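See below for the structure under consideration.
The values are calculated or read from the model by the stated rules, or taken from the named source; none is laboratory data. Fair warning: this is a prediction, and the values are worked out from it, not measured in the lab. Note that we place each Cβ from the backbone using ideal geometry, even for glycine, and neighbour counts take in every protein chain shown.
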Amino acid sequence: MRREIKKELNRKKIIEAAKTLFLNKGIDATNVRDISAVSGISYVTMYKYFSDKNELVQIVCQEIIDEVITYAYSQLHNEKLTFFEKLHRLSFEENFKKKYGPNAFIDFSTYISHDEELKNYITKKIDNSWMKIVEAGRQDNFIHSSASNEQICKFLSLIFKLDHDEFKKNINEYGELFLYGLAGYHKNK
């Protein structure tokens, strides 16, 4: 039992060291010897825990994605915010940059864009998030649509799969279409 505890502690030390270095120094600029030095675990011993640096990058990326999504979920339950304010606080990119900095965001985004496994991981996390968002919208009486939660989730997923630059450039228009539909917003006179 004691041996298993030590193994788990060493594994956590390696992951923490890798995370710190990847965020501060960059993924490409960090090598396994750097991680070994910071974690205090020998270079050779590290390979008992992880097959290579890419396995560590995968684990660190998933951990960071989970942290950012957990923060976003906490905003969905913030009763001081309107649903629209909650939506604005759900930006993965914005939350990542705020917590880890813009350079780390660029570095991790570049890495993730070339890794199918991580792209699929993010897609699954985001798809699972839509249901929580729609449920929060209904709870706040913001979503009144007769469409099912599943259909609204599919719609949101389709919108966010649009070309990222195109979406960012026209976010207000897409937001208005999402919130008010094709009929638009009409104030009562």
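Restricting attention to region 23-58, the residues being touching a residue at least 60 places away in the same chain (Cβ under 8 Å) and either exposed (fewer than 13 other Cβ atoms within 10 Å of the Cβ) or acidic (Asp, Glu) (or both) number 1.
Residue 91 - would you say it is more than 10 Å from the chain's Cα centre (by Cα), exposed (fewer than 15 other Cβ atoms within 10 Å of the Cβ), among the polar types (S, T, N, Q) and not assigned by TED's automatic domain parsing to the domain that holds residue 19? Please lay out each step first, then the result.
Working: more than 10 Å from the chain's Cα centre (by Cα): no; exposed (fewer than 15 other Cβ atoms within 10 Å of the Cβ): yes; among the polar types (S, T, N, Q): yes; not assigned by TED's automatic domain parsing to the domain that holds residue 19: yes.
No.
Conditions (1) aromatic (Phe, Trp, Tyr); (2) surrounded by fewer than 13 Cβ atoms within 10 Å (Cβ to Cβ); (3) over 24 Å from residue 53 (Cα atoms), marked per residue:
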position: 112; (1), (2), (3): no, no, no
position: 115; (1), (2), (3): no, no, no
position: 118; (1), (2), (3): no, no, no
position: 121; (1), (2), (3): yes, no, no
position: 129; (1), (2), (3): no, no, yes
position: 133; (1), (2), (3): no, no, yes
position: 137; (1), (2), (3): no, no, yes
position: 143; (1), (2), (3): no, no, yes
position: 151; (1), (2), (3): no, yes, yes
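At least 1 residues being more than 30 Å from residue 60 (Cα to Cα) and at pLDDT below 75 is the threshold, and among the helices (runs of 4 or more DSSP H) wholly inside region 102-189 those reaching it are 164-169, 171-180. Within region 81-107, the set of residues being touching a residue at least 40 places away in the same chain (Cβ under 8 Å), in contact with a helix residue (DSSP H, G or I) (Cβ under 9 Å, 6 or more places away or on another chain) and over 27 Å from residue 22 (Cα atoms) comprises 83, 84, 86, 87. In this structure, is residue 78 of a type in the set (S, T, N, Q) and in contact (Cβ under 8 Å) with a residue 12 or more places away in the chain? Considered against the rule, which asks whether it is of a type in the set (S, T, N, Q) and in contact (Cβ under 8 Å) with a residue 12 or more places away in the chain, residue 78 comes out as no.
For region 1-98, please list each of the helices (runs of 4 or more DSSP H) lying entirely inside it that holds at least 2 residues being out of contact with any Leu (no Cβ under 6 Å at 6 or more places or on another chain) and either among the acidic types (Asp, Glu) or at pLDDT 95 or above (or both).
Working: elements: 2-24, 32-39, 43-49, 53-76, 83-88.
It comes to 2-24, 32-39, 53-76.
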